[in-house]
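What follows is one structure encoded as structure tokens, with my remarks underneath.
The values are calculated or read from the model by the stated rules, or taken from the named source; none is laboratory data. Source: prediction; values computed, not measured. Cβ sites come from the backbone with ideal geometry, for glycine too, and all protein chains shown count toward neighbours.
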Amino acid sequence: MVLSSTVCKEVKSDQNHKAIADGLLTQGFCSISDYLNPAECQNLTLEMEALEKAGSFRPAYVGQGDKLQIAAKIRQSSLLWLSSNYAAQASYKVKMAQLSNELNKQLFLGLRSSESFFALYNPGDYYKIHWDNFQHLSPRKVTVVLYLNQNWNPKDGGQLHLFAPDETTIIATVQPEAGTLACFLSGDFPHSVVVASRRRVAIPSWLRADDPIIL
């Protein structure tokens with residue numbers, strides 16, 4: 001699904017999961033500017049900062065399964081999987097389960113589980129063009145990204161770019177502003193994270209067509 005526009009279609013937050021289903025059906029992606037309210041974003045940020053101070057984050061990797069590796073030329077960031085032991089994270093994981101249920105109801109995707117993690121990008125970090133489900137060989141069906149960055153300026157960089165399958169043509173751009181949620185079909189869109197000049201925090205999730213992973 002490819003559009004000529006370089007700006008991701010926006011939908012209002014009060015339409016929520018049904019609007020996401022509509023966006024995936026019509027163009028394969030969408031974004032919502034206020035998926036979470038400021039208090040919800042702040043609670044997630046506070047939990048993330050406490051865990052960061054505790055040294056819980058680790059360098060991000062590329063690949064899947066037994067082929068995981070740290071590859072700084074492709075991806076430079078750190079991450080931590082969300083845990084239901086923390087209130088704000090547990091609440092967000094419930095939202096992802098509710099989104100999966102709605103997408104199954106509307107689009108019959110066969111989603112059975114989800115996984116989410118904090119992705120912390122310090123100034124200069126990035127993620128070059130990659131696929132979340134290359135050649136549709138992975139159980140990852142839908143990619144969801146929530147942002148936690150207050151007062152983001154486009155000059156700060158850090159945008160999410162979605163590309164056509166040629167990995168050259170940018171068809172959508174999402175600014176990583178707090179509360180914004182981007183969603184797209186994992187096997188249809190290669191994507192990248194632009195280098196940012198300030199700290200950038202996101203919560204990527206994969207809605208999957210396999211059994212839950214215990215995290």
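So Ser138 fits all but one of (1) touching a strand residue (DSSP E or B) at 6+ places or on another chain (Cβ under 6 Å); (2) buried (at least 18 other Cβ atoms within 10 Å of the Cβ); (3) farther than 16 Å from Arg75 by Cβ; what number is the exception? With (1) touching a strand residue (DSSP E or B) at 6+ places or on another chain (Cβ under 6 Å); (2) buried (at least 18 other Cβ atoms within 10 Å of the Cβ); (3) farther than 16 Å from Arg75 by Cβ applied to Ser138, the lone miss is (1). Out of the residues in the range 106-115 that are in contact (Cβ under 8 Å) with a residue 40 or more places away in the chain and surrounded by fewer than 20 Cβ atoms within 10 Å (Cβ to Cβ), which is nearest to Leu82 (Cα to Cα)? Across the range 106-115, the extreme among qualifying residues is Glu115. Checked against the criterion of being in contact with a helix residue (DSSP H, G or I) (Cβ under 7 Å, 6 or more places away or on another chain), under 15 Å from Val144 (Cβ atoms) and either surrounded by fewer than 16 Cβ atoms within 10 Å (Cβ to Cβ) or at pLDDT 95 or above (or both), the range 45-63 has no qualifying residue. Taking the listed residues Ala164, Ala182, the one that is farther than 25 Å from Ser114 by Cβ, touching a strand residue (DSSP E or B) at 6+ places or on another chain (Cβ under 8 Å) and either of a type in the set (Gly, Ala, Ser) or surrounded by fewer than 19 Cβ atoms within 10 Å (Cβ to Cβ) (or both) is Ala164, with no other qualifying.
Yes/no matrix, rows are residues, columns are (1) of a type in the set (A, V, I, L, M, F, W, C); (2) under 21 Å from Leu36 (Cβ atoms):
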| residue | (1), (2) |
| --- | --- |
| Val144 | yes, yes |
| Trp152 | yes, yes |
| Gln159 | no, yes |
| Thr180 | no, yes |
| Asp188 | no, no |
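Evaluating Gly187 against the criteria (1) free of Cβ contacts under 8 Å to residues at least 60 places away in the same chain; (2) surrounded by fewer than 16 Cβ atoms within 10 Å (Cβ to Cβ); (3) not polar (S, T, N, Q) leaves one unmet condition, (2).
When Tyr121, Tyr127 are checked against the criterion of being among the aromatic types (Phe, Trp, Tyr), in contact with a Ser or Thr (Cβ under 9 Å, 6 or more places away or on another chain) and crowded, with 22+ Cβ neighbours inside 10 Å, Tyr121 stands alone in meeting it.
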